Structures are given as C-alpha cells and as structure tokens.
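Heads up, the thing below is written out as structure tokens.
Since every read-out is calculated from the coordinates, none of them should be taken as a lab result. Since we're looking at a predicted model, the values are computed, not measured.
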Amino acid sequence: MTRVARWAVPALVTLVPLGIALPALAQRGADKRPNDVNQAKQMTELIQQGQLSLRDATTVAEKHSKGTALEASVELQAGQVQPERPDARPGGPTGDQASAGARLIYEVTCFADNKLQVVRVDGLEKKVIGAKETGKLSGD
C-alpha cells in the first residue's frame, strides 16, 4: 500500500476546485470578445448619427471640471439613463430620443485644483449627468 503525504490531501482539496473553476471563468471572458466588435460597430453608428464622440465628450467634461482630461472610457447603454446629480432633470430624454434607445455614456477622469474628478457625460443629450471627486493631493 502506498503512503500519501500529509499535505497532499489538503492540497488536492484546494487545487481540484480551482482546476474546475478557472477554465469556466476563462471561457466566460472569451465569450465576450466577439460582442466587443459588435458594440464598437454600434457605437460608431451612434456617433455618426449625432451622439458625442470621445473627443467632444472629453471637451464637455473638461469644461465642467475646469481641468484637464487624463483618462476616458465609453459604454453603450440601452434605454434611459438616470441622472446622478440632484439638480439634474429626472426622467431622461423624451419623444424621438427615447425611441432611439441606445446611447453612449462617457466617464472622463479630469484633474483640476489638485483633485481628481470623474465626470459622466451623456452622448445623446450632450451634457454632464454626474460628477464625483475621487481623490485629492495632500501636502501642498
């Protein structure tokens, strides 16, 4: 009879579930890849139809924050976007805008007055829908 090392059983109990879970997680990431191309095509079509481009959204965010844009990202959202600001108009777009459905939402990180601020810009309404300070320099 073969003797098993004392550490082997706990190691197997730990490693076997990882061996099952990791390939499943990797497959989930691979499933998203073809969707990225379709989303990029849809985003490009929305920009050609009149929604803000990344450059224009960055300009709007810089004016709002009175700073310089450092980083920007975009996501495609279907339906209406709820404003994050308490002073923003609730309910979102109406009429033809609501029927369009998809819209681009930009998140632009800006630096101004020794602080970082993330500004959300609605590509359809072409205005800021939210802003949040994320960090501040200390020691100045």
Cross-link list LYS63/LYS126; LYS66/LYS136; LYS41/LYS132; LYS63/LYS132: which exceed 21 angstrom alpha carbon to alpha carbon?
-> LYS41/LYS132
Relative to the present Cα-Cα distance, how much length would full extension add between LYS132 and TRP7 at 0.36 nm per residue of separation?
-> 40.0 nm
